[in-house]
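In what follows, a structure is listed as structure tokens, so that the remarks can point back to it.
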Amino acid sequence: MSLIVQKYGGSSVADLDLIQGVARKAIAAKNQGHRVVVVLSAMKGETDRLIRLARSASPDPDPRELDSMLSTGEQISTAMFALCCQAMGEKVKSFTGFQAGIATSGPHSKARISGIEPARILTELAKGRLAVVCGFQGVDKAGDITTLGRGGSDTTAVAMAVALSADVCEIYTDVDGIYTTDPNICSDARRMDRISYEEMLELASLGAKVMEIRSVELAMNYLLPIHVRHAHGGGAGTLITQEDPDMEKTPVRGVTHSMNEARITLLRVKDEPGVAARILQVAAKAEIVVDVIVQNKSASLEGEMLTDLSFTVPAPEYPRTMELMKGLVGELQAGQVVGDDQIAKVSIVGAGMRNHAGVAAKMFHALASEGINITMITTSEIKISCIIEKKYAELAVRTLHDAFGLAGEPGGNRS
Ligand code: ADP
Ligand code: ASP
Ligand code: MG
């Protein structure tokens, strides 16, 4: 008998019919002899609706009150799930983050799970019952409700699975697994049977929202298998697991993109020790996460060695970062600060990149063949990312998907 944590996303619990469907699925798993804990997101659109509601009262809502409000989304879906199960004759209780023993640390709206004391969940399991837990929320040391950031229910599910020493964490969503690229952008994207933690982590960090980044990180640290499956269809899904030699045969396994980027350039700053450090210190102090950084070769201008330094930040941080950098112009005697928020990042990912030559050349050639200009490039062992104009993002994804031969049979169960 195995212990399974099943997580159902917002689109999978969007209405009563769908909630009844996932309730039947969880009950069926329990009736097969498994111990089952269910983690739910809020019903589709509910978190956005609550954010709009809070903003209608205050344009910049107090983070504590906002978290208190957002956490209600998951309380509704889990209570609805429990009611549906009870109507089917199944004994089940719903639990908020607090009731499930989920402790968090860090700021509101981006708290981290610091520990789970799942005593009440274990009691339910010991009675042979299902337990359903609110995703996305916990409680901090002060006893206040916190939320984990968008998509955070994935992290709740994985953390709960780790705390319960579950055999597997099943992530049920509106696609039937992890694809070579977003199947909603590329109709010939192909489902993968398996993907390594490292590859999934890169895909998630670079924009593939199908799995939240921290959930993959956590699963990788504890070698917990994640099985991504369709909530209402069948299919084998995708197993996120340790790398195996088969995965390395193909240099590129996935393509992804992110529109959530903006670039800032400080023109004509002095090319001397400490300048880049000062620029990034200012961003770090303001808790702005800097991603791609490019510094050009310096040129001599009127006897001084000057250079341009560009970096990218998440799009919502763009106005704030521009202001901070403008404030540095005087101190650094920089020429000017310029910015661009009409950019996107397109990335290719694959563990096989480590031992295949020519992958970057092929990527740049494919983009060039569509007239797409690359303005910044960044690489790691298993990924290459290019910053391009935003309007070309989806074309770039399809072009790279084709160029690396990732297409499969059209079809699959996608919505
Ligand atoms: P949930 O509400 O279940 O958490 P999400 O909307 O967060 O679901 O994630 C599922 C979506 O992720 C899919 O509908 C798909 O558009 C998107 N997605 C992006 N990249 C991929 C990929 N490589 N494979 C599968 N889905 C992807
Ligand atoms: N309801 C939250 C969100 O919409 C958390 C989640 O769905 O994972 O981001
Ligand atoms: Mg999600």
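Descriptive notes on the structure:
- Pairs of Cα atoms nearer than 8 Å and 6+ residues apart set the relative contact order; for the stretch 98-191 it is 23 percent.
- Within a Gaussian network of the chain (alpha carbon springs, distance under 10 Å), most fluctuating of S11, S196, S56: S56
- Ratio Rg/Rh, restricted to the stretch 300-415 and using Cα atoms, in which Rh is the Kirkwood radius: 1.09
- In the chain, the longest principal axis of the Cα atoms and the axis of helix 153-163 are about 60 degrees apart.
- Inter-site label distance for A368 and K110 at 7 Å from Cα along Cβ, in nm: 3.7
- Computed over the stretch 163-204, Kirkwood Rh from alpha-carbon pairs, angstrom: 12.0
- Our note on the geometry: Cα centres of the stretch 286-361 and the stretch 133-209, 29 Å apart.
- Alpha-carbon radius of gyration plus Dmax, which is the widest Cα pair, for the stretch 115-191 in Å: 16.2, 49
- Residue among R263, R191, R120 with the largest mean-square fluctuation in a Gaussian network model of the chain, springs linking Cα atoms under 10 Å: R120
- With a simple spin-label model that places each label point 7 Å from the Cα along the Cα-to-Cβ direction, the separation between F98 and L122 comes to 2.3 nm.
- Length added when fully stretched, H356-S380, from 0.36 nm per residue minus Cα-Cα: 7.3 nm
- Among beta bridges identified by DSSP and lying wholly in the chain, the antiparallel ones come to about 65 percent.
- Among L218, L122, L306, the largest mean-square fluctuation in a Gaussian network model of the chain (Cα springs under 10 Å) belongs to L306.
- Scattering curve values for the stretch 48-105, log₁₀ I(q)/I(0), Debye with Cα scatterers, q = 0.13, 0.16, 0.17, 0.28 Å⁻¹: -0.46, -0.63, -0.68, -1.07
- As an equivalent ellipsoid, the stretch 1-153 spans semi-axes of 27, 18, 11 angstrom, where each value is the square root of five times an eigenvalue of the C-alpha gyration tensor, largest first.
- Each of T180, L395, S310 was scored by the projection of its Cα onto the charge dipole of the chain, and the greatest displacement toward the positive side belongs to T180; charges sit on the C-beta of Lys, Arg, Asp and Glu.
- Under 15 Å, Cα to Cα: Lys pairs in the stretch 259-415, sequence gap 8 or more or different chains: 5
- Length gained on full extension, M305 to S58: 84.1 nm, using 0.36 nm per residue less the C-alpha separation.
- Centre separation in Å (Cα based) which lies between the stretch 22-51 and the stretch 365-382: 40
- When its C-alpha radius of gyration is set against 2.2 N^0.38 Å (N residues), the stretch 85-219 gives a value of 1.15.
- Once C-alpha pairs closer than 8 Å and six or more residues apart are averaged by separation and normalised to the residue number of the chain, the relative contact order reads 15 percent.
- Each 5 Å bin from zero holds the following percent of Cα-Cα pairs in the stretch 323-387: 4, 14, 20, 15, 13, 10, 10, 10, 5, 0.
- When restricted to Cα atoms, the chain yields an Rg and a Dmax of 23.3, 83 Å, respectively.
Read the figures in this text as sums done on the coordinates, not as results from a lab. Worth saying up front: this structure is predicted, and the values here are computed from it rather than measured. When we count neighbours, we look across all protein chains shown, and the Cβ atoms used for this are built from the backbone with ideal geometry, even at glycine.
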